[in-house]
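Notes follow the structure.
The values are calculated or read from the model by the stated rules, or taken from the named source; none is laboratory data. The shown structure was predicted, so the numbers you read here are calculated from the model rather than taken from an experiment. Here Cβ is always computed from backbone atoms with ideal geometry, including for glycine, and neighbour counts include all displayed protein chains. Just so you know, the surface numbers come from the protein's heavy atoms only, side chains and all, with ligands and any DNA or RNA stripped out. Shrake-Rupley method; radii C 1.70, N 1.55, O 1.52, S 1.80 Å.
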Amino acid sequence: MRISTAQMFTQTTTNMMKGQSATSKIMEQLATGKKVSTAGDDPVAAIGIDNLKQHGAVVDQFLKNIDYASNRLAVSESKIGNAETVVSSMREQMLRSVNGTLTDADRQTIADDMRGSLEELLSIANSKDESGNSLFAGFKTNSEPFAFDNNGKVIYRGDSGVRDSVVASGVTVGSNIPGDGVFMNAANATGDYSVNYSSTQQGSFSVEGANITDPTLPMAGNYTFDFADNGAGGLDLNVTDSAGTVTTIPNFDATNPVTVDGIEVQLKGTPVAGDTFELTPEQNSNIFDTLNSAIALLEDGSKLNTPQGQSEMAQLLNNVSSGQEQMATSRSVAGNSLKSLENYTSTHKEEQLVNQSALSLLEDLDYAEAITEFEKQQMSLNAVSSVFSKVGSMSLFDYL
């Protein structure tokens, strides 16, 4: 078979180009450290690499979400802890104020101190994160959630929104604690009604509980309770509803609860004939108004030395305790969420390690193998080049 000069040149050139291409490819792999750079290098491996990278990007986003939520919850948990400390200190001052040996000036000093603590508590409730967003405003992060209104009561201008962070596939965790759930919606310690004591009260008593046992029976509005001498050394209790209907309970016994219109009322202490109090529907209390009322009571001269003042202070102390329980519950929610986020972080870190290991197997270059292959290609290319240069320079005239 005859081989023309053109065929020889074409075949040799083709082989040299293939060798150079293979050498260049290995040099690129050595430079990047990757054995698969495009789908053409290994279509099957390329699909696996793409899937692993997509999964890795999702896990990275989960971790970013967790980091954001953890930071906000950690700050919120700390702020609630600060609020608990302030409220606890104020409750101690309220207990100290009940001491009968204190003068009006002493109680005014306590009230002034509590006023400063109330301002501190309000400042904590209006805390912001590092981005300037209110921590306890729900979705309304651009405004301060708590403020005094024209009547001196604290109002909540935020909402109950919980900003969920996606921390795993199909899993969300709230990244904030709404302020109304921390400071505003504590259970009324008395139950379903608050108590208004009369300035004419002479007996030493307080209402421990006023709870609706049958929601179909109570009249809307207030109920008034009057104690009257029954003429036999005891007391009758006359209960008047908002429509003016009077229900009389003879031979009242403070050790046993009384039930009127589906409302069970429990008293503690000893009322006397002529004493009266009023129940107003109110299922919730908020810590700001409770403490504000306590300050007002302390500032009202010697009222705290009266039976009415002592009964009011007992009710306020119970509501402060209810507010403390609410804050403790909210802090526990933040703590539980943080613990959950820590668990998800650990899981995702393990996913990252497994993902990176699998990606390395498919994508990373074996340098020892690549260098050996590079040297083989170099030798082959040099041999082809040497032979081609010699054969290409031959001529018939060399043999004549």
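Overview of values
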quantity: Residue check for residue 221: at positive phi, of a type outside the set (Asp, Glu) and free of Cβ contacts under 8 Å to residues at least 24 places away in the same chain; calculated: no
quantity: Only one of 294, 358, 334 that is buried (at least 21 other Cβ atoms within 10 Å of the Cβ), among the small types (Gly, Ala, Ser) and within 30 Å of residue 59 (Cα to Cα); calculated: 334
quantity: Residue that is most open to solvent (accessible area, probe 1.4 Å), among those in segment 309-331 that are hydroxyl-bearing (Ser, Thr, Tyr) and either touching a helix residue (DSSP H, G or I) at 6+ places or on another chain (Cβ under 8 Å) or closer than 18 Å to residue 62 by Cα (or both); calculated: 321
quantity: Matching residues, segment 235-290, being in a strand (DSSP E or B), under 30 Å from residue 148 (Cβ atoms) and touching a helix residue (DSSP H, G or I) at 6+ places or on another chain (Cβ under 9 Å); calculated: 277, 284, 285
quantity: Cβ-Cβ under 6 Å pairs, at least 6 apart or on other chains, segment 41-69 side on the phi < 0 side of the Ramachandran plot and modelled with pLDDT of 95 or more, far side assigned to a loop (DSSP other than H, G, I, E, B) and open to solvent by 90 Å² or more (accessible area, probe 1.4 Å); calculated: none
quantity: Tally, over segment 182-191, of residues that are in contact with a helix residue (DSSP H, G or I) (Cβ under 6 Å, 6 or more places away or on another chain) and not in a loop (DSSP other than H, G, I, E, B); calculated: 4
quantity: Scope segment 175-191; condition touching a strand residue (DSSP E or B) at 6+ places or on another chain (Cβ under 6 Å) and surrounded by fewer than 23 Cβ atoms within 10 Å (Cβ to Cβ); matching residues; calculated: 175, 180, 185, 188, 191
quantity: Breaking point among (1) charged (D, E, K, R); (2) touching a Gly at 6+ places or on another chain (Cβ under 7 Å); (3) open to solvent by 10 Å² or more (accessible area, probe 1.4 Å), for residue 282; calculated: (2)
quantity: Residue under evaluation residue 172, criteria (1) out of contact with any Gly (no Cβ under 7 Å at 6 or more places or on another chain); (2) of a type in the set (Val, Ile, Thr); (3) loosely packed, with under 15 Cβ neighbours inside 10 Å; (4) within 30 Å of residue 310 (Cβ to Cβ), criterion not met; calculated: (4)
quantity: Matching residues in segment 192-229 - criterion: being open to solvent by 40 Å² or more (accessible area, probe 1.4 Å), assigned to a loop (DSSP other than H, G, I, E, B), over 18 Å from residue 311 (Cβ atoms) and in contact with a strand residue (DSSP E or B) (Cβ under 6 Å, 6 or more places away or on another chain); calculated: 213
